[in-house]
Amino acid sequence: MPTSKGQKRTRNQPVFYEEIKKPHRIMLTPTAWKILQDMAASHNTSVSEIIELLARRSDG
């Protein structure tokens, strides 16, 4: 989910959500990492954003 054309990112300012992202560490198998990379590439976004979307979709 890239930013809209002309929308400039500012450090420590949220773009897509009401809060900023913070770094976390996760461990994945090479197969899972490749799947996430392929998903991100097909949606023109980052693996971080794919994980965010998956987590938010399952919330509730």
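State whether one or more residues within the stretch 16-32 are hydrophobic (A, V, I, L, M, F, W, C), in contact with a Leu (Cβ under 9 Å, 6 or more places away or on another chain) and either surrounded by fewer than 10 Cβ atoms within 10 Å (Cβ to Cβ) or at pLDDT 75 or above (or both).
So far as the stretch 16-32 goes, yes, one or more of its residues are hydrophobic (A, V, I, L, M, F, W, C), in contact with a Leu (Cβ under 9 Å, 6 or more places away or on another chain) and either surrounded by fewer than 10 Cβ atoms within 10 Å (Cβ to Cβ) or at pLDDT 75 or above (or both).
Select from the stretch 20-50 the residues that are assigned to a loop (DSSP other than H, G, I, E, B) and either of a type outside the set (Val, Ile, Thr) or touching a strand residue (DSSP E or B) at 6+ places or on another chain (Cβ under 9 Å) (or both) and list them in ascending order.
Within the stretch 20-50, 21, 22, 23, 24, 25, 27, 28, 43, 44, 46 qualify.
Hey, can you tell me all the residues within the stretch 33-60 that are of a type in the set (Lys, Arg) and modelled with pLDDT under 95?
Scanning the stretch 33-60 gives 56, 57.
The values are calculated or read from the model by the stated rules, or taken from the named source; none is laboratory data. Note that the coordinates shown come from a computational prediction; the quantities given were computed from them, not determined experimentally. No Cβ is skipped: glycine too gets one built from the backbone with ideal geometry, and neighbour counts run over all protein chains shown.
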